[in-house]
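Student: Pasting a structure below so you can have a look.
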Amino acid sequence: MMTLSRIQQNISANHPLPANQEDGKTRAAVALILHEDNTGLQLLFLVRAEQDGDPWSGHIAFPGGKLEPVDIGPREAAERETKEETDLDLSQADYFGRLDDVVGATLPVVVSGFVYNVEKILLPRLNHEIRESHWVSVEMLLDPDRHLQHRFQFQGTDSIFPAIDILGPGKPILWGLTYRLVGQLLQLGGHGLPGMSPTT
């Protein structure tokens, strides 16, 4: 069974791999926010609002966004963007650590992920960039019946990516950079996604 203490222990021993500072790639940072109660572990996801010009329009995502000149570094950007998008103040949360950076396969972006724990379920107050928020059980993320290979079209090209159906029919599915960050988190808890080796 995946536990908060196991994730905390493994992430504290982890040595995250930052991506190379490649010219032309947008730097972004997100927050992976956990909560554990008697039903198990839960993870906060957002569904972004549909906006013209936003490549992640309508997608499942974590709170976060681009680094701005006011940010000291990516962790500060993740916390600032989380506050702007959800009104959640992560300075009051337990900070566990940083994941390996992930580099976009279809877009020139590098995303850093930072893991937090909150003692109680927080109900986000969403700004105009966010359509919905969902606390999703880790058990659901691990359910093999929810895993699929999904065909996406990007800039006129069809590609197939691994994905997880966490919200049900007619809703967006979890894939891409967010899927890869979820995979890292689950590995730290000892449960890899298909094709990923679990951390011992």
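Where a number appears in this text, it was derived from the coordinates with a stated rule and is not lab data. Because the structure is predicted, anything quoted here is derived from the model rather than measured. Virtual Cβ from ideal backbone geometry, glycine too; neighbours counted across all protein chains shown.
Student: Taking the Cβ of M140 as the center, what net charge do the other residues with Cβ under 12 Å away carry, scoring Lys and Arg +1 and Asp and Glu -1?
Tutor: That works out to -3.
Student: Just order 156-162, 92-98, 181-187 by mean Cβ neighbour count inside 10 Å, highest at the front, would you?
Tutor: Highest to lowest by the protection proxy: 181-187, 92-98, 156-162.
Student: Say R0 is 35 Å: what FRET efficiency, to the nearest 0.05, do D37 and L107 get from their beta-carbon distance?
Tutor: Efficiency computed from Cβ-Cβ geometry: 0.45.
Student: Let me ask something else about it. Need one number: % antiparallel among DSSP beta bridges in the chain, to the nearest 5.
Tutor: 80
Student: Just subtract the alpha-carbon distance of D145 and I72 from 0.36 nm times their residue separation and send over the number in nm, one decimal.
Tutor: Stretched out fully, the D145 to I72 stretch lengthens by 22.1 nm.
Student: Then there's this: log10 I(q)/I(0), Debye, Cα-only the chain, no solvent, q = 0.13 Å⁻¹?
Tutor: -0.68
Student: Specify the residue with the greatest mean-square fluctuation among G168, G189, G24, computed from a Gaussian network of the chain linking alpha-carbon atoms under 10 Å apart.
Tutor: G24
Student: Additional query: Lysine pairs, Cα distance under 26 Å, 8 or more residues apart or cross-chain: how many in the chain?
Tutor: 6
Student: What is the gain in length, in nm to one decimal, between Q51 and S12 on full extension, counting 0.36 nm per residue of separation less the C-alpha to C-alpha distance?
Tutor: Length gained between Q51 and S12: 10.3 nm.
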